[in-house]
Amino acid sequence: MSSTKTLLVDEVDWSRLFHAYGVTSDTPRHLHALVSDDEAAFGNALDHLHGAVLHQGTVYPATVPALRVVAGTLHDQTHHQVLRRRDEHGRSRLTSLLEWIDAVGDSASWYEDTDPSDAAEPTDEDIDAFYRAMAADDESVWGSELNHYLWARSIAELPAACGEALTTVSTFLTDKDETVRSAALDAYVRLAAVQPDRAELTGPLLSAVEAASGRDERAVVVLGLGDLGVDTTPWLSDDDPAIRACAALSLTGSAAATAVLVGALQDPLAVDEWFTRRPSRFDMRVHFGLMANVLARDVALAEILPACLSVVRVAQGGLWSNMTWGPVLLRVFPDVEFQPGVRPDPPQNLDDAQKAVLRALVANDDLWDRRDGNANLARMRVGLPDDRDAVARLAS
């Protein structure tokens, strides 16, 4: 096994840190395994990073030191031979670890408005007692004031750690391996977006957009430039519809950008097939992200109605109820007041746009399974009955 001692794994007191499942006594072993010759051990280590250190995107006191170790591992050239090994799917360890760093940066953006804990700073004795109780499986520690303090402190430390990792990630922006390059672009954008001087970090991306070899990379760069405050208007006229849409996302006050997105959403399922390697910005279907952006714009319903109708026509139930057509209904019927568990009265005096959306809803067979709780809730929130014929009568 290659050594990671120079990367501070063994210089961190992991007994005074925790992840999603308790004290991080198992984390050092997994961090060492990142550069192990054992492929199974590396796989388990990657699972540990995603499943425990950053469980479902949640940051823990172990997240910042783990990020520093991972970034240090990538920075150390002596590890690159093992990190560039590919698994049976053709993915290198380097790509996988850059994607984990990207995920940490994404999580950091969730907590930008989190207030630091106002609790008094604990003593060393308090912290020792906390970790002894956690190691003994005392469930009460998870709801304690000290747990909240340690969590808030880890949140406060995260942006700086992301900034430190930027230097390492930027070295891979021009890597010869396209998958590495793309993962580095995603991660760079995420890390830079949570920095106070984000506007000064656009240089590497501006260089990357000139060197980008195809749609996937160009999309990540244009998305990133928008996130960092660069005016992406020049790309609204790009020859590639995917690049035009990516440029439009950050231009929330632009009528031209709105028109680009509405045009793209005329065929939502085609939008989902734009990318071979989907930018991490789109954590699910691409058209979900585009539609959420459109619905959040301060524009008249008439401007976005074609997109609303197209999305409803191809929608499914289940998760789609939360991601597309449910939010469309909320946008179309903004005046309905909803209290959980209470169905409001059906909307009255519908205009032509509202009726058009309801007709598209009625015409879609996939949205009327009575066992689909998500679909039922989407209708309930705006006062629509679950009876398809009754909604058809409202639309007539």
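The values are calculated or read from the model by the stated rules, or taken from the named source; none is laboratory data. For clarity, every value in this text was computed on a predicted model and none was experimentally measured. A quick note on method: Cβ atoms are made from the backbone with ideal geometry, for glycine too, and the neighbour counts reach across all protein chains shown. Only protein heavy atoms, including side chains, enter the accessible area calculation; ligands, DNA and RNA are left aside. Shrake-Rupley method; radii C 1.70, N 1.55, O 1.52, S 1.80 Å.
For the residues Ala62, Ala41, Ala52, the requirement of being of a type outside the set (S, T, N, Q) and out of contact with any strand residue (DSSP E or B) (no Cβ under 7 Å at 6 or more places or on another chain) singles out Ala41. Yes or no: Thr78 of a type outside the set (A, V, I, L, M), touching a helix residue (DSSP H, G or I) at 6+ places or on another chain (Cβ under 9 Å) and within 22 Å of Cys162 (Cβ to Cβ)? Criteria not met by Thr78.
From Ser207, Ser213, Ser182, which residue is closer than 14 Å to Gly224 by Cβ, open to solvent by 20 Å² or more (accessible area, probe 1.4 Å) and small (Gly, Ala, Ser)? Reasoning before the result, please.
Details: Ser213 fails: closer than 14 Å to Gly224 by Cβ; Ser182 fails: open to solvent by 20 Å² or more (accessible area, probe 1.4 Å).
Matching residue, one of Ser207, Ser213, Ser182: Ser207.
Scan the stretch 261-275 for residues that are part of a loop (DSSP other than H, G, I, E, B), touching a residue at least 40 places away in the same chain (Cβ under 8 Å) and exposed (fewer than 15 other Cβ atoms within 10 Å of the Cβ) and jot them down. Show your work before the answer.
Keep residues of the stretch 261-275 that are part of a loop (DSSP other than H, G, I, E, B), which gives 265-267, 272-275.
If we keep only those that are touching a residue at least 40 places away in the same chain (Cβ under 8 Å) as well, we get 265-267, 274-275.
Across the stretch 261-275, the qualifying residues are Gln266, Asp267.
Looking at the structure I just gave you, is His50 surrounded by 13 or more Cβ atoms within 10 Å (Cβ to Cβ), over 17 Å from Glu157 (Cβ atoms), out of contact with any helix residue (DSSP H, G or I) (no Cβ under 9 Å at 6 or more places or on another chain) and not β-branched (Val, Ile, Thr)?
Numbers: surrounded by 13 or more Cβ atoms within 10 Å (Cβ to Cβ): yes; over 17 Å from Glu157 (Cβ atoms): yes; out of contact with any helix residue (DSSP H, G or I) (no Cβ under 9 Å at 6 or more places or on another chain): no; not β-branched (Val, Ile, Thr): yes.
No: the conditions fail for His50.
Residues to consider are Asp366, Asp345, Asp335; find the one that is open to solvent by 60 Å² or more (accessible area, probe 1.4 Å) and within 24 Å of Ala264 (Cβ to Cβ). If you could, list the steps in order and put the result at the bottom.
Numbers: Asp345 fails: within 24 Å of Ala264 (Cβ to Cβ); Asp335 fails: within 24 Å of Ala264 (Cβ to Cβ).
After ruling out the rest, the residue left standing is Asp366.
Of all residues in the stretch 276-332, those satisfying the criterion of being under 14 Å from the mean Cα position of the chain (by Cα) and part of a loop (DSSP other than H, G, I, E, B) are Arg278, Pro279, Ser280, Arg281, Phe282, Asp283, Met284, Arg285. Number of residues in the stretch 118-167 that are in a loop (DSSP other than H, G, I, E, B), open to solvent by 40 Å² or more (accessible area, probe 1.4 Å) and of a type in the set (A, V, I, L, M): the value is 2.
Within the stretch 219-249, if we keep just the residues that are under 19 Å from the mean Cα position of the chain (by Cα) and open to solvent by 40 Å² or more (accessible area, probe 1.4 Å), the residue that is farthest from Ala264 (Cα to Cα) turns out to be Gly229. If the condition is being open to solvent by 20 Å² or more (accessible area, probe 1.4 Å) and either on the phi > 0 side of the Ramachandran plot or in contact (Cβ under 8 Å) with a residue 12 or more places away in the chain (or both), then the stretch 86-105 contributes Asp87, Gly90, Arg91, Glu99, Ala103.
Restricting the first member to the stretch 293-319 and to residues that are among the small types (Gly, Ala, Ser), and the second to residues that are part of a helix (DSSP H, G or I) and open to solvent by less than 30 Å² (accessible area, probe 1.4 Å), the beta-carbon pairs closer than 6 Å and six or more apart or on different chains are Ala307/Val262; Ala307/Val294; Ser310/Pro268; Ala315/Thr324; Ala315/Trp325; Gly317/Leu367; Gly317/Ala375.
Considering each of Asp272, Asp240 in turn, give the residue that is acidic (Asp, Glu), in contact with a helix residue (DSSP H, G or I) (Cβ under 7 Å, 6 or more places away or on another chain), modelled with pLDDT of 95 or more and over 24 Å from Asn322 (Cα atoms). Explain how you work it out, then say what you get.
Working: Asp272 fails: over 24 Å from Asn322 (Cα atoms).
From the options Asp272, Asp240, the qualifying one is Asp240.
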